[in-house]
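> Have a look at the structure that comes next, please.
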Amino acid sequence: MKIRTRIILTYILIAGIVAGQACSFFHKSDFLVLSATDLSSFVEGRLPEPQKRRLAQSENERKQIIQTFKRAFALAQAGEAAGLHKTEKFKRQFDLSVDQILSSEYSKRNPDVTVTKEEADAYYNAHKDGFEADFMLISEGQKPPPSDEIKDSFKPRWGELKLRAAKGRQAGIEKEPGFTVQLKFSKANLLANLYTDSLSDRFKLSQEEKNKYVAEHPEADLEKLKQKAQGLLDRVKKGESFEKIADEANDDGTKGRGGDLDWFGKGRMDPDFEKAAFSLDKGQVSSELVKTGFGYHIIRVDDKRTATPPAPPAQTPPEAPNAAPSPKPQGPPQEEIHARHIYVSTKEAEGYEQKLIDEKVKRAMEDAEIKYKVNVPTDFQIKVAGLDPNRIPKMGGGPGGVNPHGNP
């Protein structure tokens, strides 16, 4: 009996050790539950007073916030399952996010505390490697990449952010429960974004998929579109009416107007279009196709003049002339031209790949939301000065809500 007892006890000990080791292999996610208390804390700590007031009085908007964070929490779980929380990129992003929240919270509480440019510059000079890593993270994927001037202007701002974050840590903000909640939501958002980005990389189209799509959608065949545009240019060179061909071919706002783009100065059009147009003489037609981000163009300059230019608006694509009213004149006189174009759009050809990737990503995100469950409340309260929380409409019973048949 004693021998048998020892064997049984040994098995129990071994089982306990194995169970303890198994637990260490599994990561319990922080994103299984979206509590009403956390939602209240996050909203009250992050949103400005007018937005909190509107949210407190809008059942529908509170419901939308719950669904938005439910999606973020589900995708954060998917990101954890993919191991993204262990990557160097996530760790760097999260550290920067912590500093941003600390800096913002410290500044909110201490509006009179200033960080001088000299202090910010000194911090940058002592932490140049950290700046380079953070700037690379912030500017990743930007097209065109930030200029040296933009990078230089960011240095003192980065130094100030880091110094304010350090002051926030010294003040103990990092240990406060409300701050912990903010970090939880920030972490969920970062993981959700990283997971979505990873899906985009995973679903890049194979050459076979591209060939199949182009075969089924001639409007996506870039080579055929170029041949079409060349055929239109050949017709112009043979003497056919420019206006007639423009009305036949264009599918933008100049259709029915003979391709008329009206008067415009520099800085109003796509740079490649503008460069080609301003190189032409009055009455001249571009001898070759002009390629822009919008498609292929054949340009004719009808007239030129010198005029006092308006303040430059946002860049106007060639297919959308006169998109906004011209502001008041500003600056010295500059050259303007009155031009027309014949236009073959390449939007479908150059955008279909991203469109198909986006469709795959959307389906994968929907699948993740189904697979990774999040326990959510039916409602949550928001404390706003002058509003009685007991009289704010709720969405029904459950965590954070009230019984719809209860007292008003």
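> Hey, does segment 199-207 have a residue that's surrounded by fewer than 17 Cβ atoms within 10 Å (Cβ to Cβ), at pLDDT below 95, among the charged types (D, E, K, R) and within 21 Å of residue 350 (Cβ to Cβ)?
Taking every residue of segment 199-207 in turn, at least one turns out to be surrounded by fewer than 17 Cβ atoms within 10 Å (Cβ to Cβ), at pLDDT below 95, among the charged types (D, E, K, R) and within 21 Å of residue 350 (Cβ to Cβ).
> Next question, about the same structure. State whether one or more residues within segment 87-94 are in a helix (DSSP H, G or I), out of contact with any strand residue (DSSP E or B) (no Cβ under 8 Å at 6 or more places or on another chain) and either loosely packed, with under 11 Cβ neighbours inside 10 Å or on the phi > 0 side of the Ramachandran plot (or both).
Yes, segment 87-94 contains at least one residue that is in a helix (DSSP H, G or I), out of contact with any strand residue (DSSP E or B) (no Cβ under 8 Å at 6 or more places or on another chain) and either loosely packed, with under 11 Cβ neighbours inside 10 Å or on the phi > 0 side of the Ramachandran plot (or both).
> If only one of 404, 393, 377 is part of a loop (DSSP other than H, G, I, E, B), more than 24 Å from the chain's Cα centre (by Cα), at pLDDT 95 or above and not charged (D, E, K, R), which one is it?
Result of the check over 404, 393, 377: 377.
> Counting just the residues of segment 279-294 that are over 17 Å from residue 265 (Cα atoms) and within 39 Å of the chain's Cα centre (by Cα), which one comes out modelled with the lowest pLDDT?
293
Residue-wise test of (1) surrounded by fewer than 19 Cβ atoms within 10 Å (Cβ to Cβ); (2) under 23 Å from residue 164 (Cβ atoms); (3) not acidic (Asp, Glu).
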site	(1), (2), (3)
49	yes, yes, no
53	yes, no, yes
58	yes, no, yes
84	no, no, yes
104	yes, yes, yes
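> Can you tell me which residue in segment 331-372 is surrounded by the most Cβ atoms within 10 Å (Cβ to Cβ), limited to those that are more than 30 Å from residue 278 (Cβ to Cβ) and hydroxyl-bearing (Ser, Thr, Tyr)?
The residue in question is 372.
> For segment 138-191, give me each residue that is among the β-branched types (Val, Ile, Thr) and over 29 Å from residue 80 (Cα atoms).
Selection gives 150 alone.
> Taking segment 210-245, which residues are of a type in the set (Phe, Trp, Tyr) and more than 17 Å from residue 300 (Cβ to Cβ)?
213
> Of all residues in segment 22-39 being of a type in the set (D, E, K, R) and either at pLDDT below 90 or not in a loop (DSSP other than H, G, I, E, B) (or both), which is surrounded by the fewest Cβ atoms within 10 Å (Cβ to Cβ)?
Checked segment 22-39; the qualifying residue surrounded by the fewest Cβ atoms within 10 Å (Cβ to Cβ) is 28.
> Which numbered condition in (1) at pLDDT below 95; (2) buried (at least 22 other Cβ atoms within 10 Å of the Cβ) is the only one that residue 192 fails?
(1) is the only condition that residue 192 fails.
> Right, here's the next one. Filter segment 236-253 down to residues that are under 19 Å from residue 295 (Cα atoms), in a loop (DSSP other than H, G, I, E, B) and of a type in the set (D, E, K, R), then give me how many there are.
2
> Next question. Can you run down the residue pairs with Cβ atoms below 9 Å, 6 or more apart or on separate chains, where the first is in segment 28-48 and closer than 13 Å to residue 70 by Cα and the partner is surrounded by 15 or more Cβ atoms within 10 Å (Cβ to Cβ) and among the basic types (Lys, Arg)?
Every condition considered, the pairs that remain are 30/184; 30/187; 31/184; 31/187; 34/70; 38/184; 39/62.
> Looking at this structure, is residue 97 polar (S, T, N, Q), within 20 Å of the chain's Cα centre (by Cα) and either at pLDDT below 95 or not assigned by TED's automatic domain parsing to the domain that holds residue 378 (or both)?
Considered against the rule, which asks whether it is polar (S, T, N, Q), within 20 Å of the chain's Cα centre (by Cα) and either at pLDDT below 95 or not assigned by TED's automatic domain parsing to the domain that holds residue 378 (or both), residue 97 comes out as yes.
> Using the structure shown, decide if residue 225 is modelled with pLDDT of 95 or more and either under 32 Å from the mean Cα position of the chain (by Cα) or not assigned by TED's automatic domain parsing to the domain that holds residue 289 (or both).
Yes, satisfied.
To keep it simple, each residue is scored yes or no on (1) of a type outside the set (A, V, I, L, M, F, W, C); (2) in contact with a Leu (Cβ under 9 Å, 6 or more places away or on another chain); (3) at pLDDT 95 or above; (4) not in a helix (DSSP H, G or I).
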{"site": "9", "(1), (2), (3), (4)": "no, no, no, no"}
{"site": "17", "(1), (2), (3), (4)": "no, no, no, no"}
{"site": "43", "(1), (2), (3), (4)": "no, yes, no, no"}
{"site": "76", "(1), (2), (3), (4)": "no, yes, yes, no"}
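> For segment 76-103, which residues satisfy the criterion of being hydrophobic (A, V, I, L, M, F, W, C) and closer than 20 Å to residue 33 by Cβ?
Scanning segment 76-103 gives 76, 78, 81.
> Let me ask something else about it. Of the conditions (1) more than 25 Å from the chain's Cα centre (by Cα); (2) surrounded by fewer than 14 Cβ atoms within 10 Å (Cβ to Cβ), residue 167 satisfies every one except a single condition; which number is it?
(2)
> Collect the residues in segment 139-154 that are under 18 Å from residue 89 (Cβ atoms) and either surrounded by 15 or more Cβ atoms within 10 Å (Cβ to Cβ) or in contact with a Pro (Cβ under 8 Å, 6 or more places away or on another chain) (or both), keeping them in residue-number order.
139, the sole residue that qualifies.
> May I ask you to verify whether residue 133 is surrounded by 12 or more Cβ atoms within 10 Å (Cβ to Cβ) and either outside any helix (DSSP H, G or I) or at pLDDT 95 or above (or both)?
no
> Identify all residues within segment 320-351 that are at pLDDT below 95 and aromatic (Phe, Trp, Tyr); write none if there are none.
none
> I've got another one for you. With respect to residue 157, determine if the residue is touching a residue at least 40 places away in the same chain (Cβ under 8 Å), surrounded by fewer than 16 Cβ atoms within 10 Å (Cβ to Cβ), assigned by TED's automatic domain parsing to the domain that holds residue 133 and closer than 23 Å to residue 133 by Cβ.
Spelling it out, it is not the case that residue 157 is touching a residue at least 40 places away in the same chain (Cβ under 8 Å), surrounded by fewer than 16 Cβ atoms within 10 Å (Cβ to Cβ), assigned by TED's automatic domain parsing to the domain that holds residue 133 and closer than 23 Å to residue 133 by Cβ.
The values are calculated or read from the model by the stated rules, or taken from the named source; none is laboratory data. These figures come from a predicted structure and were not determined experimentally. Ideal geometry is used to build each Cβ from the backbone, glycine not excepted, and the neighbour counts take in all protein chains shown.
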